[in-house]
Structures are given as C-alpha cells and as structure tokens.
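The values are calculated or read from the model by the stated rules, or taken from the named source; none is laboratory data. The shown structure was predicted, so the numbers you read here are calculated from the model rather than taken from an experiment. Backbone-built Cβ (ideal geometry, glycine too); neighbour counts: all protein chains shown. Keep in mind that these areas ignore ligands, DNA and RNA; they rest on the heavy atoms of the full protein, side chains included. Shrake-Rupley method; radii C 1.70, N 1.55, O 1.52, S 1.80 Å.
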Amino acid sequence: MRPVRTLLALSLLAALPAFAATGLDPDDIAAAEGLRERAMRGSEAWNVVESLTTEIGPRLAGTPADAKAVEWAKAKMQAMGFDKVYLEPVTFPVWLRHHERAEVLAPYPQPLVITALGGSVGTGETPVEAEVVAFANLDALKAAPEGSLEGKIAVITNRMVRFKDGRGYGPAVGARSQGAVEAARKGAVAVLIRSIGTSSNRFAHTGTMRYAEDVPRIPAAALSNPDADLIEHMVARGKPVRLRLDIAAETVADYTSHNVIGEIRGRELPGEVVTIGGHLDSWDLGTGAIDDGAGIGITFAAGALIGQLERAPRRTVRVIAYANEEQGLYGGKAYAEARAAAGEIPAHQLGAESDFGAGRIYALRAGVDAAAWPVVAKIGEVLAPLGIATESTGGSPGPDVGPIVAKGAPWAQLAQDGIDYFDYHHTANDTLDKIDPRALDQQVAAYAVLAYLAAETEVDFGSLPVKAD
Ligand SMILES: [Zn+2]
C-alpha cells in the first residue's frame with residue numbers, strides 16, 4: 001500500500017497549487033472530458049432543432065406559433081430529463097406582417113423582392129407610388145436637405161461586408177434601424193434599404209426598425225441584394241425610377257409570452273447558477289433553424305448531458321429559452337429584471353448564450369473577476385482539443401445575456417465561425433439544411449464543458465461593474 005499512498009500524496013501535492021487557483025480537481029476535469037467525448041460521439045442537438053423547425057417552424061413573437069413553441073420547449077426539456085422546468089412571463093407589443101409587394105413602374109417595369117422590416121407600418125388603403133431617391137448610406141441620407149424627399153421613396157444601398165465574426169453587421173445595420181426616421185425627416189413617404197445580409201440569393205433580410213415620436217411613421221422594407229443592385233443600375237441611367245409599394249403590417253396589442261427555463265440542480269450550491277441558452281422566437285420568413293433553433297438545440301443538449309452525470313455539479317446549470325429576442329431582447333431583459341428584483345444577480349456565476357448560427361466554435365472569451373481567470377484558462381485547456389482557443393481579451397456576451405451582465409453578472413462567449421451566417425439569418429433561407437449536425441456536436445461539447453466546470457469550481461466568478469440603465 002505504501003508506494004501507492006506515497007504516489008497519491010505526491011500527486012495531490014503536485015495538484016495543490018493548480019487546485020487552489022482553479023478550484024477544480026482531476027476528477028472534475030475527467031468528468032468534463034467525458035462530457036466532451038460523449039457530445040462528440042453524437043449529441044441530441046440536431047434532433048432538437050429538427051423537431052422545433054418541423055413541428056413549429058417560424059415562430060414570430062406573439063403569434064400562435066410563439067405559444068406553441070413555449071409548450072414545445074417545456075415538453076422537450078421535461079423529456080430530456082431536466083430536474084425542474086418552468087415558465088416566466090415576458091410582455092411585449094406584437095407586430096404582424098400581412099403582405100408586402102413591390103414593383104418598378106418606370107422606366108423598366110418589373111417585380112422586386114422585398115420584406116417589410118419588423119415594426120413597420122403598412123402603406124395604407126392604397127399602395128404608395130413614388131419616385132426613388134437613392135443614397136449610398138445612412139450618412140448620405142442624413143446629409144440631404146430638409147424637405148428634399150417630399151413625396152419620394154428613399155432607398156439606402158449600403159452593403160454589409162462579410163467577416164467570420166460578423167463585424168460587418170454593426171456598421172451596416174443603422175440603415176435598417178434608423179432609415180425610416182431619417183427618411184421621414186426629409187419628407188419621404190417610404191424607405192427601402194439593401195438587405196443587411198451577405199446573400200447573393202434573391203431573399204430579402206428582415207429585422208427590427210424603429211420610429212421616433214417627432215416624425216411621421218413611414219413604411220420600411222428591405223430589398224434583396226440582387227434587387228438593390230437592380231435599383232442602383234436603373235438609377236445610374238439618370239431617368240426617374242418610379243416604384244409601387246404595397247405593404248400591410250401592423251403593431252397590435254401587448255402579449256405575454258414566456259422564457260422557458262430548465263435546470264440541472266446543483267448538489268451543494270443549488271441557489272447559485274450558471275446559465276446557458278438561446279432564443280426561442282424567430283423571424284417569420286424561414287423556419288428559424290440557424291437563428292436560433294441551433295442555439296436552442298445546442299444548449300438543451302448540453303444541459304441534458306450534464307443532467308446525465310452520476311454526480312451533479314456544485315452549482316445549478318440553468319438552460320434558458322429566451323422569449324422575443326428578435327424585436328428587442330424582451331426575454332433577456334425580463335430575466336435580468338426578475339433576478340435583480342429578487343436580489344439574485346450575485347447568485348449568477350456565469351452566463352452564456354448561443355445565438356450566432358450553427359458554425360463551429362473557435363474561441364473562448366470571458367468577462368469575469370481577475371481571480372477567476374485561472375479557471376477560464378483551465379476550461380480552455382479542456383476545450384483545446386475541439387479547436388477552440390482561449391482569448392483573454394475582447395468578446396461580448398450573447399444578446400440576451402447583455403441585460404444581466406449590465407447588472408453585474410459575469411459572462412463567457414463561445415465564439416462561432418459566422419462566415420456564412422448572414423447569408424441565411426433573418427431570411428426565408430434560414431432552414432434546417434444549412435446546419436451540419438457534426439458542427440452542432442462540437443458546440444454541445446463546448447457548452448457542456450464550460451457550463452459544467454463553471455458550475456463545479458470552488459472559485460467564485462465574482463461580479464462586473466454595474467452599468468447605468
Ligand atoms: Zn438570434
């Protein structure tokens with residue numbers, strides 16, 4: 001026995017400094033590696049997305065499909081063995097798309113492919129028929145003289161640039177969010193934008209827009225990228241380009257949907273939580289496979305894998321299917337406000353969300369106390385065989401995690417390869433066939449490792465500076 005004991009003592013000694021810094025022992029690491037390997041042999045994620053996109057399909061917030069998706073998520077979590085599944089209310093105004101049509105009347109009559117932007121009003125009793133004034137970007141529109149667009153349709157043609165991390169979206173998306181307000185300020189009767197997406201296919205890209213109190217609410221829609229090209233080519237000929245726009249859309253009464261929450265109960269600190277999740281709602285054009293059926297499938301499967309362990313982690317792992325992310329982060333905000341009201345922000349060890357499609361994860365980033373970085377680095381070691389690098393700077397929490405991070409909760413990001421994300425995102429082309437099941441398995445492995453080790457470590461991830469509202 002003696003040699004064995006000595007060896008054990010030696011290995012414990014060797015492990016001691018590492019343990020002190022990471023709060024994780026070799027058994028914990030072995031358990032995390034086991035989760036990783038099980039996920040890589042084949043996870044449930046694709047089956048979950050297949051079920052959601054087939055049985056529910058598009059699930060625009062506040063529609064009957066939203067209610068069906070909530071029931072679906074609850075039943076799915078229960079079937080996957082979560083210890084506790086419950087709903088929390090999320091209230092928001094409901095926007096409905098009825099129809100949208102556009103065509104060129106002159107000089108070269110032909111139909112156009114458009115989609116109304118989320119929140120847009122319709123064109124009213126009679127379609128709008130007006131001449132186009134094209135702008136290269138939002139700033140050019142802002143620089144137009146007051147009243148210069150009286151009775152005109154403003155068209156903004158800025159093009160989103162493709163990047164692996166999606167950073168082309170931010171600079172381009174102002175045309176969508178602010179275009180209607182700026183066009184109306186100059187007197188325009190409607191605004192059309194080039195789709196904020198990278199697809200060369202003839203699918204238009206929807207997404208939210210907003211109005212301001214002091215200017216008229218004018219209809220707003222996106223042209224598919226090829227149709228934006230077409231308008232540019234016509235305008236370049238110097239002849240007046242006249243369009244007909246017929247949009248029926250409206251914002252109706254408030255509706256209460258739900259965040260759907262499933263938990264794997266922590267064995268020692270059940271009141272402390274690590275959250276992972278995705279958003280359950282989608283736009284109405286596709287079936288919401290990559291945005292964000294993938295995030296739902298990945299995090300449901302990762303949570304369920306942790307639930308199958310013989311010994312639960314010390315803290316609770318909470319999987320959240322957020323309501324209505326698309327139209328204003330309503331689910332993430334409601335979740336954060338409910339936790340703040342209950343004094344539960346300090347109980348949040350870590351939050352992460354999967355909402356960037358179905359491409360493989362290539363980096364781990366985090367926002368945690370300095371004292372927790374050795375744990376993040378250790379998690380990174382377990383993730384390294386998945387092709388994931390740990391980056392000690394940069395990154396940001398997922399959209400629905402943002403509101404609780406602003407209240408001081410730590411976050412992690414598992415950054416995905418989004419090189420083709422904006423080819424499908426918010427279009428009719430966001431469908432299940434765009435998802436590689438093996439890529440989902442890699443992500444389930446990463447989320448399971450991250451959630452398990454963050455929930456297991458004896459190190460507290462601390463808190464972040466609280467941001468003003
Ligand atoms: Zn999304």
- Would you mind getting me the FRET efficiency between L269 and R217? Use the beta-carbon distance for r and R0 = 56 Å, nearest 0.05. 0.65
- Query: How large, in percent, is the carbon and sulfur part of the accessible surface of the stretch 265-362 at a probe radius of 1.4 Å?
  - Reply: 49
- Give me the percent of the accessible area of the stretch 76-199 that comes from carbon and sulfur atoms, probe 1.4 Å, all protein chains in place. 52
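For the stretch 144-272, what is the convex hull volume of its Cα atoms per residue in Å³?
Details: hull volume 25.8 nm³, N = 129.
Spread over its residues, the Cα hull of the stretch 144-272 gives 200 Å³ apiece.
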- Extension gain A341-L96, at 0.36 nm per residue separation less the Cα-Cα distance, in nm? 85.0 nm
- Query: Magnitude of the Cβ-charge dipole of the chain, K/R +1 and D/E -1, about the Cα centre, nearest 20 debye?
  - Reply: 540
- Once the Cα atoms of helix 437-456 and of the chain are each reduced to a long axis, what angle between those two axes, in degrees from 0 to 90 to the nearest 10, is obtained? 50
- Message: Charges on Cβ only, +1 for Lys and Arg, -1 for Asp and Glu, centred on the Cα centroid of the stretch 165-318; of A204, Y255, A294, which one is farthest towards the dipole's positive end?
- Response: A204
- Note on the structure: For N259, other-chain or 5+-apart residues with amide H closer than 5 Å (H placed, Pro excluded) are E88, V90, A323
- So what are the radius of gyration and Dmax for the Cα set of the stretch 219-335, in Å? 22.1, 73
- Message: How many angstrom lie between the Cα centre of the stretch 292-343 and the Cα centre of the stretch 369-444?
- Response: 14
- Message: Can you work out the Karplus-derived ³J(HN,Hα) for every residue in the stretch 55-60? Use 6.51 cos²θ - 1.76 cosθ + 1.60 with θ = phi - 60°, whole Hz, and x for glycine or proline.
- Response: 8, 10, x, x, 9, 5
- Message: Helix-only mean residue ellipticity at 222 nm, the chain, DSSP H runs n ≥ 4 weighted -39,500 (n - 2.57), per residue, nearest 500. What is it?
- Response: -11000 deg cm²/dmol
- Message: Could you give each residue of the stretch 378-395 its phi-based ³J(HN,Hα) in whole Hz, using Karplus coefficients 6.51, -1.76, 1.60 with θ = phi - 60°, and x for Gly or Pro?
- Response: 5, 4, x, 4, 6, 7, 3, x, 8, x, 10, 9, 8, 10, 8, 10, x, x
- Calculated from backbone phi, Karplus (6.51, -1.76, 1.60) coupling profile of the stretch 273-281 in Hz, x at Gly/Pro: 10, 10, 10, 10, x, x, 9, 7, 6
- Averaged per residue, what accessible area in Å² does the chain show with a 1.4 Å probe, protein chains only? 40
- Note on the structure: Rounded to one decimal in nm, the spacing of the 7 Å Cα→Cβ label points at D369 and S463 is 1.1
- Query: Between A67 and E391, what FRET efficiency follows from the Cβ-Cβ distance if R0 is 45 Å, with the result rounded to 0.05?
  - Reply: 0.65
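How many percent of the alpha carbon pairs in the chain exceed a separation of 31 Å?
The proportion of pairs with Cα distances above 31 Å equals 45 percent.
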- Task: Can you sort D284, D227, D436 by 1.4 Å-probe accessible area, starting with the largest?
- Result: D436, D284, D227
- Of A144, G168, G187, whose Cα points farthest to the positive end of the dipole of the stretch 139-194 (charges on the beta-carbon: +1 Lys, Arg; -1 Asp, Glu; origin at the Cα centre)? G168
- Kindly provide the trypsin sites (Lys or Arg not before Pro) of the stretch 393-469 that DSSP labels as loop, not H, G, I, E or B, and whose Cβ sees at most 16 other Cβ atoms within 10 Å. K467
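How would the stretch 296-383 be classified by its alpha-carbon gyration tensor: rounded, prolate or oblate, with rounded meaning a/c under 1.5 and the a/b versus b/c comparison settling the rest?
Note, shape of the stretch 296-383 comes out rounded.
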- How are the C-alpha pair distances of the stretch 356-469 spread across 5 Å bins, as whole percents from the shortest bin up? 2, 11, 20, 21, 18, 13, 9, 5, 1, 0
- Can you list which of the trypsin sites (Lys or Arg not before Pro) found in the stretch 180-237 are DSSP loop residues with at most 10 other C-beta atoms within 10 Å? R237
- The computed P(r) of the stretch 129-197 puts the percent of Cα pairs beyond 20 Å at 25
- So the angle from the long Cα axis of helix 169-185 to the longest Cα principal axis of the chain, reported in degrees to the nearest 10, equals 40
- Message: Tell me the angle of helix 294-307 to the major Cα principal axis of the chain, expressed in degrees between 0 and 90 and rounded to the nearest ten.
- Response: 10
